[in-house]
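J.: Here it is: the structure, laid out below.
The numbers here are math on the coordinates, done by the rules we state, and not lab data. Since this is a predicted model, take the numbers as computed values, not measurements. Here Cβ is always computed from backbone atoms with ideal geometry, including for glycine, and neighbour counts include all displayed protein chains.
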Amino acid sequence: MKQKTSFSTYAVIGTMLFGLFFGAGNLIFPIQLGQMAGTSFWPALIGFLVTAIALPLMGILAIVLSGSQGLNDLAGRIHPLFGISFAIILYLTIGPFFAIPRTATVPFVVGFEPFIQPGQTQLWLAVFSFAFFALVYYFSLNSAKVMDIIGKYLTPTFLLFLSVLIITTIVKPMGDFGAPTGDYASVPFMTGFTEGYNTMDALGGLALGIVVITAIRHMGITDTKAIAQTTWKSGLFAMVLMMLIYGLIAYMGASSVSVVGNLENGGLTFAAVAEHYFGPYGAILLAIIIVLACLKTSIGLIIACSEFFHTVYPKISYKTFVLLLSLLSFMIANFGLTNIIQYAIPVLMFLYPMAIVLILLGLSSRLFHHKRTVYAGAMMLTVFVSTIDGYNALLGTIPAAANPLMETMSSFYSAHLPLYGIGLGWILPALTGAVIGYVWKEGNKSNTSVLTQQEERLSH
């Protein structure tokens, strides 16, 4: 019997999806994009929306449609060792290395740094981040009830205040859009596309997909097709909400340059805009709301990462992982927002092409009968390109990391690989690897077992 799902169910799950994904990076990167894109606003925003909204939903759907039991399972189709390695790197990236520390540094930069003497910034960042992660640690130990409260009350409160700021920006715009700067002047779409990497939401879609699927099943929806349909329609609800907010925040940034200037990061821009309209009291209130919003996201990520690592290393308790991840996030947060963003970029440029290819393979898995060699071939050739993408981004942060062999490979790709110059050099190698994998004749049991397992899962 076909399971019917009400609109209210789609709305509840869509709101949950929004709550899972909308955190620190979702505030600071679109406003910075607006500042830098200027009159190239629309192509830059569309590129950003592809990687910041469409890919995360596709990541969740990839888990559903491929019949996987999570990221480790999906990536493990390439090879079990690759599966666990990729999953660990991805969870560390959206966890204690970058995304979780960012949830503490963004509210500090937005709400507190403007009122602190420059020489005391580091001290107060340490105090703030310690208090922040102490709360995260406490609430992450008792996740179920707390997450329900935060999702129902804190996120709507944050959105309510944010809407006041956004509406004020539209009614009383600060100025006209300026000329685009940097790569936004020449390739705005692709610059926005790669800027969307910084939200880390496509990685989050792969990592949190199983969480969403589990939540849907707890609502009594168990049929595979019904789960996929519910995920898609709920995701559409969340996508529309996020598109609206992203667009308006980017507009806020684009119209702010003549008043606040081009600042070091989106957090400072957000603080300057809030202070421009509401003065110090408005900035303080905004800081409180952002603290609560980022606290929710941080708790969700700590819980997800702790559960994953506890599954990988069951001898270490979930509570111990909560403590370890909270401490590590606290230490990294004290490097500051700008440093966290700069050092995250090379990692994201390395991971994102592989994540996109994995998502596309998961979505189309039934078309090639879940054949392992297709997964392996596409990913193997993608890694060669994404490694150089990560290396080139690393040079922007650490010029001393230059390596002759890497330079030679980068020059070769730049000269001969289609679309490499706009950040899509991985497309042709991924397609080539997939085709080779599809026609590859392999008689071993490992390839057959993947097909059999996935068909059994999809039949349930």
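J.: Between region 98-121 and region 403-427, what is the C-alpha centre distance in whole Å?
T.: Region 98-121 and region 403-427 have Cα centres separated by 37 Å.
J.: If we sort 401-409, 197-205, 183-191 on the protection proxy, mean other Cβ atoms within 10 Å, highest first, what's the order? Walk me through the intermediate numbers first.
T.: Numbers: 401-409: 11.9, 197-205: 28.0, 183-191: 19.6.
In decreasing order of mean packing, 401-409, 197-205, 183-191 become 197-205, 183-191, 401-409.
J.: Working out 0.36 nm times the residue gap between LEU323 and VAL171, then minus their Cα-Cα distance, what length gain in nm do you get to one decimal?
T.: Taking 0.36 nm per residue and subtracting the Cα distance, the gain is 50.2 nm.
J.: Suppose we look only past 18 Å in the calculated P(r) of region 1-54. What percent of the Cα-Cα pairs does that tail hold?
T.: On the way: 720 of 1431 pairs.
Considering region 1-54, 50 percent of its Cα-Cα pairs are separated by more than 18 Å.
J.: Same structure, new question: Applying a 10 Å radius around every beta-carbon, put 104-111, 172-179, 71-78 in order of their mean neighbour count, most first. Walk me through the numbers on the way to the answer.
T.: Details: 104-111: 27.5, 172-179: 13.9, 71-78: 24.5.
Listed from highest to lowest mean packing, they are 104-111, 71-78, 172-179.
J.: Ok, one more. For the chain, count the residues as N, evaluate 2.2 N^0.38 Å, and divide the Cα radius of gyration by that value, please.
T.: Cα-based Rg divided by the globular estimate yields 0.97.
J.: Which of rounded, prolate, oblate describes region 335-411, given a ≥ b ≥ c as roots of the alpha-carbon gyration tensor eigenvalues and a/c under 1.5 marking rounded, otherwise prolate only if a/b is larger than b/c? The partial results should precede the final answer.
T.: Values: a/c = 4.96, a/b = 1.81, b/c = 2.74.
Note, shape of region 335-411 comes out oblate.
J.: For helix 155-171, report the angle its Cα long axis makes with the longest principal axis of the Cα atoms of the chain; keep it between 0 and 90° and round to the nearest 10°.
T.: In the chain, helix 155-171 runs at an angle near 60 degrees to the longest axis.
J.: Could you check the spin-label model distance between PHE278 and TRP232? Points 7 Å from the Cα along Cα→Cβ, value in nm.
T.: 4.0 nm
J.: If we count every other residue with Cβ under 13 angstrom of GLY209's Cβ, Lys/Arg +1 and Asp/Glu -1, where does the sum land? The partial results should precede the final answer.
T.: Numbers: positive: ARG217; negative: ASP73, ASP201.
Its environment carries a net charge of -1.
J.: Run a plain Debye calculation on region 212-268 (Cα atoms as equal point scatterers, no solvent) and give log10 I(q)/I(0) at q = 0.27, 0.28, 0.30 Å⁻¹, rounded to two decimals, same order as the q list.
T.: Taking Cα atoms of region 212-268 as identical point scatterers yields -1.03, -1.06, -1.11.
J.: Okay, next question. List the pairs from LYS296/LYS371; LYS233/LYS319; LYS225/LYS371 whose alpha-carbon separation is above 28 Å, in the order I gave them. Please list the in-between numbers first.
T.: Details: LYS296/LYS371 39 Å; LYS233/LYS319 35 Å; LYS225/LYS371 21 Å.
Cα-Cα > 28 Å for LYS296/LYS371; LYS233/LYS319; rest within.
J.: Let me ask something else about it. Taking neighbour counts of Cβ atoms within 10 Å as a proxy for exposure, in what order, fewest first, do HIS370, HIS416 appear?
T.: With the sparsest Cβ surroundings first, the list reads HIS416, HIS370.
J.: Separate question: What is the gain in length, in nm to one decimal, between ILE89 and ILE436 on full extension, counting 0.36 nm per residue of separation less the C-alpha to C-alpha distance? Before the final figure, lay out the partial values.
T.: Working: separation 347, 0.36 × 347 = 124.92 nm, distance 2.72 nm.
So the chain would gain 122.2 nm between ILE89 and ILE436.
J.: I'd like the distance between the alpha-carbon centres of region 343-402 and region 40-82, rounded to an integer number of Å.
T.: Region 343-402 and region 40-82 have Cα centres separated by 12 Å.
J.: Right, another one. I'd like the Karplus ³J(HN,Hα) series for region 372-385: coefficients 6.51, -1.76, 1.60, θ = phi - 60°, whole numbers in Hz, and an x wherever there's a Gly or Pro.
T.: Karplus-based 3J(HN,Hα) across region 372-385 equals 4, 5, 5, 4, 5, x, 5, 6, 4, 6, 5, 4, 4, 7 Hz.
J.: Now, a different point. Suppose each label sits 7 Å from its Cα in the direction of the beta carbon; what would the TYR153-SER411 distance come out to in nanometres?
T.: Spacing of the two 7 Å Cα→Cβ label points: 6.3 nm.
J.: Testing the spin-label approximation: label points 7 Å from Cα along Cα→Cβ at THR224 and ILE316. State their distance in nm.
T.: With each label placed 7 Å out from Cα toward Cβ, I get 3.5 nm.
J.: Separate question: Fully extended, how many nm does the chain gain between ASN262 and ASN403 (0.36 nm per residue separation, minus their Cα-Cα distance)? Numbers along the way, then the final one.
T.: On the way: separation 141, 0.36 × 141 = 50.76 nm, distance 3.30 nm.
My answer for the length gained is 47.5 nm.
J.: A further question on this structure: So how far, in whole Å, is the C-alpha centre of region 198-218 from the one of region 270-295?
T.: Rounded to whole Å, the Cα centres lie 29 Å apart.
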